Amino acid sequence: MKVDGVHYRSLWWNESDAALEIIDQRWLPHEFVTQQLGSLQDYATAIYELRVRGAPLIGATAAYGVAFAMQQEPTDRAFEEAYKVFHATRPTAINLKWALDRARAVVIPLAEAERFPAALQFAHDLADADVETNRMIGVHGLEIIREIAAGKPAGEPVNLLTHCNAGWIATVDWGTATSPMYHAHDAGISIHTWVDETRPRNQGSLTSWELGSHGIPHTYIVDNAGGHLMQHGQVDMVIVGTDRTTRAGDVCNKIGTYLKALAAKANGVPFYVALPSSTIDWTVRDGRKEIPIEERDGREISHIFWGKNAVGEVTEVQITPDGVQVANPAFDVTPAGLVTGLITERGVCEASEEALAAMFPDLAG
Ligand code: MRU
């Protein structure tokens, strides 16, 4: 998507330096900072610190990380080291493992001299496929929004609500939950999006930045406002992303998603999840029991990130009493029964094992 009139993807290979460039998302929306990754640790830190984030983008970054590792030393040992380091960064989003497993299948059978170019081509192909996948999610999601618009009085926008950032910077381009919004807006359908702040890392401000850059009307709200808005008929549709979807249609997404789904169910608001098939973990069925939930540093809750001071140092302010016990689970699971539909690159289906297997017979096994 565009930033100040220039088209960007959320990561790109710098051919002249033969290195990956990322947008360091910690500084958005205030500063657009890019970073070139120059070591294995750079890649791992970028993923862990949420410089790059969002399930599909983590997967794409790991694919380029494998290419980097093979550029340095195209051995089995170096591959396995990279796999281990990247896999340990974030446990919930399945795209990381998905990308690493696919990279292994491409790279390991090859002679060492062939590994770097093959791994780099694999990463490029994965990134390109992600863009097209997300575009198609938008094409299918657009039809749901169009139908809701048709049932509204003329001139009234379709009111959407989203949580976290499942936008173009959480993928390679387009986003998942935002792709139908971009497509609807571009098709001339009037929409307005309620954007959840998404404590503690405030990914909602990234979504707000994205939607604002694209001219999409939206309103930034605290995480607890959604239920109130739904009770008062101010939300026509919830649309969120997912970090891991089980074969039975449970979805694991940013903490707080489950509460939105409960509120949506109680108020008869359709709750849709937009996902590329790469976020389906066909090996798990019950998301509540089988998906590891990332527990992040309590400092993300006890302190408020305050930006940079005059000499460029990062500053934080403590908002809790000294020594208070904190818990910071980063994701939760929304059971399939609360999900109205899954918007995939192949079309929209019910959140159930039968419907997912019928949509992806080649992947379901
Ligand atoms: O912790 P984050 O910012 O990586 O969490 C991101 C999300 O929860 C997104 O909704 C999800 O990855 C889908 S991104 C298209």
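Structure notes:
- Net charge of Cβ neighbours under 11 Å - reference residue 250; Lys, Arg +1; Asp, Glu -1: 0
- A Gaussian network model of the chain, with springs between Cα atoms under 10 Å, assigns the largest mean-square fluctuation among 184, 225, 351 to 225.
- Inter-label distance for residue 139 and residue 364, nm, one decimal - labels placed 7 Å from Cα along Cα-to-Cβ: 2.3 nm
- Where labels lie 7 Å past Cα in the beta-carbon direction, separation of residue 156 and residue 84 in nm: 5.9 nm
- Given charges at Cβ of Lys, Arg, Asp, Glu: segment 117-161 dipole, positive-most of 160, 141, 122: 160
- Dipole magnitude (debye, nearest 20) for segment 149-231, charges at Cβ of Lys, Arg, Asp, Glu: 100 debye
- Per-residue ³J(HN,Hα) for segment 22-31, Karplus 6.51 cos²θ - 1.76 cosθ + 1.60, θ = phi - 60°, Hz, x for Gly and Pro: 10, 8, 7, 6, 5, 9, 6, x, 7, 10
- Charge context of residue 161, other residues only, Cβ under 13 angstrom, K/R +1, D/E -1: -3
- Of all lysines in the structure, the ones whose alpha carbon falls short of 29 Å from that of residue 260, not counting any fewer than 8 places away in one chain, are 97, 152, 289.
- Surrounding net charge for residue 214, when Lys and Arg each add one and Asp and Glu each subtract one, Cβ distance under 9 Å: -1
- In terms of the mean number of neighbouring beta-carbon atoms within 10 Å, the peptides 189-198, 165-174, 90-99, 120-129 order highest first as 165-174, 90-99, 189-198, 120-129.
- A Förster radius of 45 Å combined with the Cβ-Cβ distance from residue 27 to residue 350 puts the calculated FRET efficiency at roughly 0.65.
Quick note: the coordinates plus some simple rules give every number you see, no bench work behind them. Everything quoted here is computed from the prediction, not taken from an experiment. Neighbour counts run over all protein chains shown; Cβ positions are idealised from the backbone, glycine included.
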